[in-house]
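The values are calculated or read from the model by the stated rules, or taken from the named source; none is laboratory data. Worth saying up front: this structure is predicted, and the values here are computed from it rather than measured. Backbone-built Cβ (ideal geometry, glycine too); neighbour counts: all protein chains shown.
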Amino acid sequence: MKLSTKGRYAVMAMVDLARNGAQKPVSLADISTRQEISLSYLEQLFARLRRGGLVKSVRGPGGGYRLARAAGETRISDIILSVDEPIKATRCKTDSPLGCHSDKSRCLTHDLWAELGNQIHLYLSSVTLLDVVEKRVLGTARAFNGTHAGTDAPMPPANAPGPANAVAAE
C-alpha cells in the first residue's frame, strides 16, 4: 500500500498544529516553514480538513488554524480520509464487486490485500494526534494486536528465532 503525499502531509501538518497550537492559532506559513511543505499545497489540504470538521480557521491579525477538537480525540484515519486519501491495498475499486482483471474478476490475492487495508485502517483509527505528539506510537502495532493472526499465540520478540527471523543454515 502506498500512502500519497496528500495523506502524509495532512498528518504532518495536523501534528504540527496539535504541537504548536495550544495557545494561539497557527499560520499555514509557519507550518509550511517547519514541515517544508508548499504553502499552496497546505492551503488545499486545510480547505479539506476544515470541510471535514477537523480544523477551524481564525481570521484577522494573529489568525491561522486551530484544531476543531482535542488532539486526543482526533484519529489519524480521520485526517487521511478527510483529504480523500483512501486506505486500501488492492488495486480494485473501493466498494465494487468487480475485480481488477480485464475480465472483471478478482485476483487470487484480493482478499489478502483487502484485509491488509482493513488492518491499516484499524491501526490508524487507534492512533490519535496526541499519541503522535507525545511519541507513543513506536511499538504500538505489537500492542495493538499482540497475537498471531487467527490464534491466541503471543507474537515472538522481533529477534526471536523462527520462520520470520530464520537464517539459512547451509
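Summary of values
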read-out: Complete set of residues in region 56-96 that are among the hydroxyl-bearing types (Ser, Thr, Tyr) and at pLDDT 90 or above; value: Ser57, Tyr65, Thr74, Ser77, Ser82
read-out: Selected residue (criterion: surrounded by the most Cβ atoms within 10 Å (Cβ to Cβ)) from residues of region 39-61 that are polar (S, T, N, Q) and over 18 Å from Ile80 (Cα atoms); value: Ser57
read-out: Candidate set: region 126-136, residues that are free of Cβ contacts under 8 Å to residues at least 60 places away in the same chain and surrounded by 15 or more Cβ atoms within 10 Å (Cβ to Cβ); chosen: the one nearest to Glu73 (Cα to Cα); value: Thr128
read-out: Of all residues in region 102-122 being of a type outside the set (A, V, I, L, M) and in a loop (DSSP other than H, G, I, E, B), the one that is modelled with the highest pLDDT; value: Thr109
read-out: From Gly99, Gly146, residue being at positive phi and either modelled with pLDDT under 95 or surrounded by 11 or more Cβ atoms within 10 Å (Cβ to Cβ) (or both); value: Gly146
read-out: Count of region 1-34 residues which are of a type outside the set (Lys, Arg), within 17 Å of Thr74 (Cβ to Cβ) and either buried (at least 16 other Cβ atoms within 10 Å of the Cβ) or at pLDDT 95 or above (or both); value: 16
